[in-house]
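The structure under discussion is supplied below as structure tokens; questions concerning it will follow.
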Amino acid sequence: MHRLVKLFLSLFIIFFYFTTTTNAVPMDYLEKNISLTPTKTVTTSSAAGSTPFQLEELAVFQFSNQDGSDCWGWKAPDGQQYAIMGISSGVVFVNATTLQIVDTVLGSGCVWQDIKTYQNYAYAVNECGGGLRVIDMQYLPDSVHLVGIFPTSDGGAMSSHNVFIDTTRGFLYTEGSPGNTAIQIFDLTNPEVPAYVNSFGISNNDVHDFYVINDTAYVAGGSFPSFEIYDLTDKLNPNRLLRVMIPNAGYIHNIWPSDDRRFVITTEETGGKTVKIWYIEDYNDVRLTGEYLAPNGLAHNAFVVGNYIYLSHYSSGVRVIDMSNPYCPTEAAVADLPSDNCWGVYPYTGDSLVYSSHLDGRLFIYRFIPDPAYVFSGPDVDNDGIDDNCDNCLNVNNPSQLDTDIDGIGDICDSCPNDPYNDADNDGICGDIDNCANYNPDQADSDGDGIADACDACPNDAGNDIDGDFICGDIDNCPTISNELQTDADNDGVGDDCDNCPNDQINDPDADGLCAVNDNCDLVYNPNQLDSDSDGIGDACDNCPTTFNPSQDDINSDGIGDACCCIGIRGNINGDKSEQIDISDLVYVVQYSFGTPSGPTPPCPNETDVDNSGGLDISDIVYLVSFMFGSPSGPAPVNCL
């Protein structure tokens, strides 16, 4: 008996586990009274042969008593394709390869749901408090498992309008949590437990939808009439790269970039507002190139694959638009239904399958294929296979329609194929090689800076006021340092902000690092400023470095200061090298003092001042005669200083 009880309990636990964790399809659908029966509905497609392609209907699933919302898809490792759709009771998984409903994950009973996939997981959000649901799809085609439910923001909110995943970087983004329209960032390093990182965007602006790839986010502004592009390389410091204001905009509902990121497509969920194609390769030259609107006048979302835009267009159904000529978007295929309200489209299966979800609870599976009945009928005056209404070179055969500068004119017809504005100044020079946007056929460029004189604020300054002080470098007295006042205290032509010697007009001519006004030898290099006799004249240029002689007198201009020519005692008036005092010195000074004409100037004045009275006079001659001939001999001349 004891063993039977244990066996019964074990079986009960196993049964309870599987019924509460796998969300088996029959039970979920029976509980919610959801029809599991696929039904075939004839899609009103474009008239046979009227468009190059068709959306061939493979199946339609009608989920009774359910409202439908968005859809997405996933390709399993075994190659089977799955369509995933939000319905008011949860998220349903359909095998698009076998056209069978597989499983569902019940939700909180909400119309607005959004779903994206990463690795083998689906992530679903809704606006009714359902949280961020993480669903493991690895068990398909058998079933899916709900892994967990997480907040959609760092504040614990459980509602979100949109979710997107940058699959190249492994980050998930949500938007539309109550009271916070900023975009929330989650790290999917552990894909079963999204980890909050940061948020970005202006919370009082209604960010509505977004797309993120390679850390670049494209954001639709909702009621704020713009779209924006962000660099999210640094998740803690997102950087807005671009904001484009849309004139006369409706509600900016959705944005999607082209595969090459040269274009973005925007939709406006407002009656009469067009789907717009924007050229954005150059953020400084964003251009609206083309527009489209189906007959109902109200588009919902746009998705891009190659040259095709897939539109969920409410009562105009699914519209596939060829944007190979971005100036002339044309219908490539149409899938329209009676009383339709198409909400979502998923074209990323990689094998021509396309899914569409509808507000009445229907999920369609199509195949996007060429229409065998289609025959091009023109008009086509140049016989290049391009309708004249969209031919970017009407009278020249150019089936490639190459348009390098995206100006709507084919290169083969474009006189300026790399200039979208086609020589806007009419000077005969295409803008891509024109050195001035103003008329200047001569292209004169005096300073060789690549900017024509006609456009150059500083035509003689190749640096073009490099210091930004509004004074061109060729006339700026300090061209590398901003000095708008051009102050020049010493009037040497060098602005004070650049002048190492702002009060010295000759500016350290001996290059010893000392301004001339402070240099004791301003014309001779002497950084040590040695001045042995402390006379203010550096030894390097002092004509008598060991004798105080600030006047630097040198009566005979021999480079030796007068203060240094006297050696020993005075009296060697004729300057003989023997330094002897004799009759010739007396004759020399007498002849100098009384001769007619006067004799030559004594080579050393200090030698003549034998009595050190301050200069040559008659007393010095008497003194010298007394010394030489007196009896007894007079006193010897005074010593030189």
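The values are calculated or read from the model by the stated rules, or taken from the named source; none is laboratory data. Only a predicted model underlies this, so the values are computations on that prediction, with no experimental measurement involved. Cβ coordinates were reconstructed from backbone atoms using ideal geometry, including for glycine residues, and neighbour counts include every protein chain displayed. These area figures cover heavy atoms from the full protein model, side chains too; ligands, DNA and RNA do not enter into them. Shrake-Rupley method; radii C 1.70, N 1.55, O 1.52, S 1.80 Å.
Output the residues belonging to segment 159-195 that are closer than 28 Å to ILE101 by Cα, in a loop (DSSP other than H, G, I, E, B), open to solvent by 10 Å² or more (accessible area, probe 1.4 Å) and without any contact (Cβ under 8 Å) to a residue 60 or more places away in the chain.
SER159, HIS161, THR167, VAL193
Could I ask something else about it? Filter segment 235-259 down to the residues that are touching a residue at least 12 places away in the same chain (Cβ under 8 Å) and under 17 Å from the mean Cα position of the chain (by Cα) and list them by number.
LYS235, LEU236, PRO238, ARG240, LEU241, LEU242, ARG243, VAL244
So which of TYR348, TYR327 ends up being over 17 Å from PHE303 (Cβ atoms), at pLDDT 95 or above and open to solvent by 30 Å² or more (accessible area, probe 1.4 Å)?
Going through TYR348, TYR327 in turn, the sole match is TYR327.
Please pick out the residue among ASN639, ASN543 that is of a type outside the set (Ser, Thr, Tyr), open to solvent by 40 Å² or more (accessible area, probe 1.4 Å) and touching a residue at least 12 places away in the same chain (Cβ under 8 Å). It would help to see each step written out before you state the result.
Details: ASN543 fails: open to solvent by 40 Å² or more (accessible area, probe 1.4 Å).
Residue meeting the stated conditions: ASN639.
Moving to a separate point now. Cβ-Cβ under 7 Å, sequence separation 6+ or interchain: first residue in segment 111-137 and at positive phi and without any contact (Cβ under 8 Å) to a residue 40 or more places away in the chain, partner open to solvent by 10 Å² or more (accessible area, probe 1.4 Å) and not in a strand (DSSP E or B). Which pairs?
Here the result reads GLY129/SER108; GLY129/MET158; GLY129/SER159; GLY131/PRO151; GLY131/MET158, each pair linking segment 111-137 to a residue that is open to solvent by 10 Å² or more (accessible area, probe 1.4 Å) and not in a strand (DSSP E or B).
If you don't mind, another one. Quick check on my filter: what residues within segment 618-632 are open to solvent by 70 Å² or more (accessible area, probe 1.4 Å) and assigned to a loop (DSSP other than H, G, I, E, B)?
SER631, PRO632
Let me ask something additional. Show me the strands (runs of 3 or more DSSP E) found entirely inside segment 321-373 where at least 3 residues are over 21 Å from THR117 (Cα atoms) and touching a residue at least 24 places away in the same chain (Cβ under 8 Å).
The strands (runs of 3 or more DSSP E) meeting that bar are 330-336, 362-370.
Report the residue count in segment 113-134 for those that are out of contact with any Gly (no Cβ under 8 Å at 6 or more places or on another chain) and part of a loop (DSSP other than H, G, I, E, B).
Going through segment 113-134 one residue at a time, the tally reaches 4.
Tell me the residue from ILE429, ILE412 that is over 22 Å from GLN54 (Cβ atoms) and in contact with a Cys (Cβ under 7 Å, 6 or more places away or on another chain), please. Full working, then the answer.
On the way: ILE429 fails: in contact with a Cys (Cβ under 7 Å, 6 or more places away or on another chain).
Among ILE429, ILE412, only ILE412 is over 22 Å from GLN54 (Cβ atoms) and in contact with a Cys (Cβ under 7 Å, 6 or more places away or on another chain).
Still on this structure, please answer the following. Can you name every residue in segment 450-488 that is of a type outside the set (Val, Ile, Thr), open to solvent by 60 Å² or more (accessible area, probe 1.4 Å) and over 32 Å from the mean Cα position of the chain (by Cα)?
LEU485
If I filter segment 81-94 for residues that are open to solvent by 10 Å² or more (accessible area, probe 1.4 Å), part of a loop (DSSP other than H, G, I, E, B) and modelled with pLDDT under 75, do I get at least one hit?
No - not one qualifying residue is present in segment 81-94.
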